[in-house]
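So the structure is just underneath, and the comments pick up after that.
The values are calculated or read from the model by the stated rules, or taken from the named source; none is laboratory data. Computed from a predicted structure; not experimentally measured. Virtual Cβ from ideal backbone geometry, glycine too; neighbours counted across all protein chains shown. Ligands, DNA and RNA are stripped out before the accessible areas are found, and what is left, the full protein with its side chains, is counted by its heavy atoms. Shrake-Rupley method; radii C 1.70, N 1.55, O 1.52, S 1.80 Å.
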Amino acid sequence: MAVDKENLPLHVAITMDGNGRWAQNRKLPRTAGHDQGLHTVKRIVKTASDLGIKFLTLYIFSTENWKRAEQEVGFLMNLIHIHLCDEFQFYKDNKIKLNHIGDFDGLPPIIQKDIKSAIEDTKDFTGMTLNLSINYGGRDEIIRGIRKAVASGTRPEEITERNFSDYLDMPQSPDVDLLIRTGGEKRLSNFLLWHIPYAEQIYTDTLWPDYSDEEFLACIEEFQSRSRRFGAESAVKKGKRK
């Protein structure tokens, strides 16, 4: 089976798990795994963009990741800083528009500045939208959304599923069609809780630094082989929402 480019998932999300274990397996510091994982990020983003995926969301740093060792957190923040500062040409060449989801105010000022610049610099690009989940938690996003709705003066009886999404972090992105998690764990880990009600889920034992273009394409093929009913008796066309 080959990927059907006429029947792609509109929105793919990836939990990029396994960097630390990849490094430990090689008797390297955990930071080496994060560094290697960044190379995988760039490669998979390019593959998804070339394939024609319209929306890609990557779980980069969760609200719970602040509990990790200070040195590791500092390394990750610096890695994010370097990437956002140095990779504009990559995003320009591929016409990729960047967006941030997560608690922006809880990030260090330098990362806030980097994110603002990256979003501004890529806002007119017409290719894939890449949502970077940095300081993100699914429950936190919903709570912040409720607060925004209240602050806007919206009355409780006026809130619907459709308009509540406008108060969340990526109102311009549709619900997730395909959720991929590397690293062998089979749980959501507080990722995109509102956005995945009918997402197909694929879990792989491959550690993120080893995740290949071929395996990503195999996940897309697996998605296309599934029957998606969205609660109906019969399946809708594969890859499409009701």
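General remarks:
- Taking label positions 7 Å along the Cα-Cβ direction at both L217 and I159, the computed distance is 4.5 nm, reported to one decimal.
- With the charge dipole of segment 1-95 set up from +1 on Lys and Arg Cβ and -1 on Asp and Glu Cβ about the Cα centre, the Cα lying farthest toward the positive end among the listed residues V45, A23, F88 is that of A23.
- Shape box of the chain [Cα atoms, principal axes, largest first, Å]: 51, 50, 34
- Environment charge at T15 (Cβ cut-off 13 Å; Lys +1, Arg +1, Asp -1, Glu -1): 0
- Site-free segments of the chain were taken between GluC sites (Glu not before Pro) in DSSP loops having at most 10 other Cβ atoms within 10 Å, sites themselves excluded; the longest one is 7-232.
- Most simply put, the chain has about 5% antiparallel DSSP beta bridges, counting only bridges with both residues inside it.
- In the structure shown, the pairs K42/K116; K46/K92; K5/K46; K67/K148; K92/K116 are assessed against 18 Å; a Cα-Cα span above that value is assigned to K42/K116; K67/K148.
- Toward the positive end of the charge dipole of segment 122-222, with +1 on the Cβ of Lys and Arg and -1 on the Cβ of Asp and Glu, the farthest Cα among N163, G153, I143 is that of G153.
- When nucleic acids and ligands are ignored and a 1.4 Å probe is applied, S189 ends up with an accessible area of around 50 Å².
- Summed over qualifying helices (DSSP H, 4 residues or more, each -39500 (n - 2.57)) and divided by its residue number, the chain shows a 222 nm mean residue ellipticity of -12500 deg cm²/dmol.
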